[in-house]
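To keep things clear, I will list the structure first and then write my remarks on it.
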Amino acid sequence: MTGYRGRFAPSPTGALHAGSLVAALASWLDARAHGGQWLVRIEDVDRPRCSPELARIILQQLSACGLQSDLPPLRQSSRSDLYQQALDQLVARHLAYPCDCTRRELEAAHSDTATPRPRNAERVYPGACRNGLKGSASNNKPLAWRARTDAGKPIQWKDRRLGAQEQDVEREVGDFVLQRADGCYSYQLAVVVDDAAQGITDVVRGEDLANNTARQILLQHQLGLPTPRYLHTPLVLGPNQEKLSKQNGAQSIDSTQPLAALNQAALVLGLPPREGSLSQALSAWVGDWNTRLKSVF
Ligand SMILES: [Zn+2]
């Protein structure tokens, strides 16, 4: 047994599809190849978009594929107190501030800037409330809370697959949201709190999340938490070359044919096809992953 602890953290906004199975399989194989533990965390912090029924389906799909959490799955919806404590810490240290910008104000600020924005890129928050609210606090309007990103240098980290990475969070993202005005804590805050609370040493997840890593490392620094190692796995692209997602109609995996679904995921990870029983295939892939650990990661 090593100190390795990995996790797979799906959001129950849709069932498991071919793309999310790649991340699940990679994180499971990495944990097994290191002789470590593998945990499943249900990231249902964005309550309006998540459903307990989908969480149940995802756990069932994983278990049909032979991927079972070593500890009972954690649900972010039950952990608000911890997220609030972290937010309070940041506020007390002047690293978070309230924001009363409306969507319209944010959009107007962006239409003023001439810089073209790449598709799907983050909109950089212009920092309008950094030095105080614009006066609407007296209206009892619900406030969002944002992280201050002007404290440090650009964040650098080494991804186990993508290599050296760097992001200037202030310039490329801006002061990002920690808690929305509707009370939901942000993905960034919840992930950082939970990875630390669960003692996660290795985050293995889809490459679409790579660009969140700098924000998470920044929060880890601000909260005095350790930074795990990161490995971002290749994405599965749909026919239009966009990442598979529930939004663009990705099909749920067929958990009555788990080995076929796993073979498809293995192919994306550059692993050879395997036959036989589910457990034979999985342990053969653990062997393949181990070999790769020695050469690539
Ligand atoms: Zn604001």
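Kindly check whether there is at least one residue in segment 50-73 that is buried (at least 20 other Cβ atoms within 10 Å of the Cβ), at pLDDT 95 or above, among the aliphatic types (A, V, I, L, M) and under 17 Å from Val193 (Cβ atoms).
Scanning segment 50-73 turns up no residue that is buried (at least 20 other Cβ atoms within 10 Å of the Cβ), at pLDDT 95 or above, among the aliphatic types (A, V, I, L, M) and under 17 Å from Val193 (Cβ atoms).
Against the definition (surrounded by fewer than 24 Cβ atoms within 10 Å (Cβ to Cβ) and touching a helix residue (DSSP H, G or I) at 6+ places or on another chain (Cβ under 9 Å)), how does Ala9 come out, yes or no?
No; evaluated as a whole, the condition is false for this residue.
Which one of these is surrounded by 12 or more Cβ atoms within 10 Å (Cβ to Cβ), at pLDDT below 95, assigned by TED's automatic domain parsing to the domain that holds Ser27 and under 20 Å from Ala18 (Cα atoms): Gly238, Gly249?
Just a single option satisfies the conditions, and that option is Gly238.
Can you say whether Ala210 is of a type in the set (A, V, I, L, M, F, W, C) and surrounded by fewer than 17 Cβ atoms within 10 Å (Cβ to Cβ), as far as the supplied structure shows?
Considered against the rule, which asks whether it is of a type in the set (A, V, I, L, M, F, W, C) and surrounded by fewer than 17 Cβ atoms within 10 Å (Cβ to Cβ), Ala210 comes out as no.
Take the conditions touching a Phe, Trp or Tyr at 6+ places or on another chain (Cβ under 9 Å) and among the aliphatic types (A, V, I, L, M) and apply them to Ile253. Does it pass?
Against the criterion (touching a Phe, Trp or Tyr at 6+ places or on another chain (Cβ under 9 Å) and among the aliphatic types (A, V, I, L, M)), Ile253 does not qualify.
Limited to segment 144-179, what total is found for residues that are within 17 Å of Gly127 (Cβ to Cβ), surrounded by fewer than 16 Cβ atoms within 10 Å (Cβ to Cβ) and out of contact with any helix residue (DSSP H, G or I) (no Cβ under 9 Å at 6 or more places or on another chain)?
Result for segment 144-179: 1.
Strands (runs of 3 or more DSSP E) wholly in segment 1-105 with at least 3 residues that are touching a residue at least 40 places away in the same chain (Cβ under 8 Å) and under 25 Å from Tyr230 (Cα atoms) - which ones?
5-8
Among Asp30, Asp46, which is the only one that is at pLDDT below 95 and over 13 Å from Ile253 (Cβ atoms)?
Going through Asp30, Asp46 in turn, just one is at pLDDT below 95 and over 13 Å from Ile253 (Cβ atoms): Asp46.
Please give the helices (runs of 4 or more DSSP H) falling wholly within segment 144-223 in which 2 or more residues are of a type outside the set (D, E, K, R), touching an Asp or Glu at 6+ places or on another chain (Cβ under 9 Å) and in contact (Cβ under 8 Å) with a residue 24 or more places away in the chain.
Helices (runs of 4 or more DSSP H) meeting the threshold: 187-197, 213-223.
The values are calculated or read from the model by the stated rules, or taken from the named source; none is laboratory data. The shown structure was predicted, so the numbers you read here are calculated from the model rather than taken from an experiment. Every residue, glycine as well, gets a Cβ built from its backbone with ideal geometry; the counts of neighbours run over all protein chains shown.
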